[in-house]
């Protein structure tokens with residue numbers, strides 16, 4: 001298919017034939033995909049996702065959260081797991097070929113400057129939005145991000161001992177994400193698989209260690225951002241309520257159109273007018289955790 005310019009969809013979405021720049025595999029059937037998509041790269045914000053055509057023979061696209069975006073170079077990057085027909089088809093694409101994509105889609109995370117201590121929590125496929133948010137926050141020294149990452153499959157990177165001290169961290173919990181270390185952002189890893197240097201337990205337990213080590217004044221400056229499996233997000237929302245912290249979550253649902261037309265990805269959100277069904281694709285994927293009906 002010949003390369004085409006991005007076509008604006010309601011002035012916010014762009015359709016692009018994106019050239020694959022790199023496509024690397026990692027343990028646990030995980031892949032990092034980088035594509036040249038200048039319109040998406042120029043407009044993407046942390047929490048945005050794109051809808052990718054994994055194979056022309058498959059009628060349904062697949063939504064993937066954006067992990068990084070370089071406006072100058074015009075590329076966006078995704079981390080995904082081979083879990084079904086669509087994502088498996090995506091694994092077969094090689095650098096130099098193109099895939100059609102729509103993006104960026106969705107409402108992003110919004111940081112509050114009154115709460116500069118940003119606690120970013122990513123679990124499994126929820127890691128990418130946290131990396132993207134950390135990347136954007138590091139451009140302003142006002143922010144003090146801490147990133148906690150959980151996974152029950154091998155991490156899609158080789159963990160390194162962190163050079164940053166974090167209050168409340170158990171002595172043996174020293175594993176960190178190298179990319180975040182390069183960005184001067186402290187991080188810690190959690191898993192129940194016995195990986196060296198990782199916290200043995202849920203990511204919310206690791207967050208509790210950090211929060212309990214802060215003073216009341218310091219906790220008043222904390223805002224929580226999270227993406228991951230539904231049980232993790234529900235537990236994170238409960239933790240935020242316990243500590244009276246604002247919390248934004250990025251939800252994941254099965255999607256068909258991903259642009260708000262089919263209403264197939266609705267979730268129940270509590271609004272001032274009462275419960276309402278909101279579309280994860282365009283009303284989200286980011287929501288105030290206190291408004292989500294966790295069931």
- Message: Given a Förster distance of 51 Å, report the FRET efficiency between residue 263 and residue 184 from their Cβ-Cβ distance, rounded to the nearest 0.05.
- Response: 0.75
- Helix 127-137: angle to the longest alpha-carbon principal axis of the chain, degrees 0 to 90, nearest 10? 80 degrees
- Query: Pick from 215, 250, 151: which residue has the top mean-square fluctuation in a GNM of the chain where Cα pairs under 10 Å get a spring?
  - Reply: 215
- Task: Determine the shape class of segment 7-105: with a ≥ b ≥ c the square roots of the Cα gyration tensor eigenvalues, call it rounded for a/c under 1.5, and otherwise prolate if a/b is greater than b/c, oblate otherwise.
- Result: prolate
- Query: [x] 17.8, 56; [y] 24.0, 80; [z] 18.6, 58: which one is Rg and Dmax of the Cα atoms in Å as calculated from this entry?
  - Reply: [z]
- Note on the structure: Scoring the chain by relative contact order with C-alpha pairs under 8 Å, at least six apart, yields a percentage of 16 percent
- Message: Which of 256, 44, 114 ends up with the largest GNM mean-square fluctuation for the chain, with Cα atoms connected below 10 Å?
- Response: 114
- Figure the gain on full extension for residue 171 and residue 97 (residue separation times 0.36 nm, minus the Cα-Cα span) and round it to one decimal in nm. 22.0 nm
- With everything on Cα atoms, drop me the angle between helix 230-242 and the longest principal axis of the chain, reported from 0 to 90° to the nearest 10. 40 degrees
- FRET efficiency, residue 141 to residue 212 (Cβ-Cβ, R0 25 Å, nearest 0.05): 0.45
- Query: Does anyone have the angle between helix 203-212 and the longest principal axis of the chain? Alpha-carbon axes, 0 to 90°, nearest 10?
  - Reply: 40 degrees
- Note on the structure: For the residue 230, residue 57 Cβ pair and Förster radius 25 Å, calculated FRET efficiency rounded to 0.05 is 0.25
- Query: Rounded if a/c is under 1.5, else prolate if a/b is larger than b/c, else oblate: which is segment 100-178, with a ≥ b ≥ c the root eigenvalues of its Cα gyration tensor?
  - Reply: oblate
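Readers should treat all values here as calculations from the given coordinates under stated rules, not as data from a laboratory. Computed from a predicted model, the values in this text were never measured in an experiment. Note: ideal-geometry Cβ built from the backbone for every residue, glycine included; neighbour counts use all protein chains shown.
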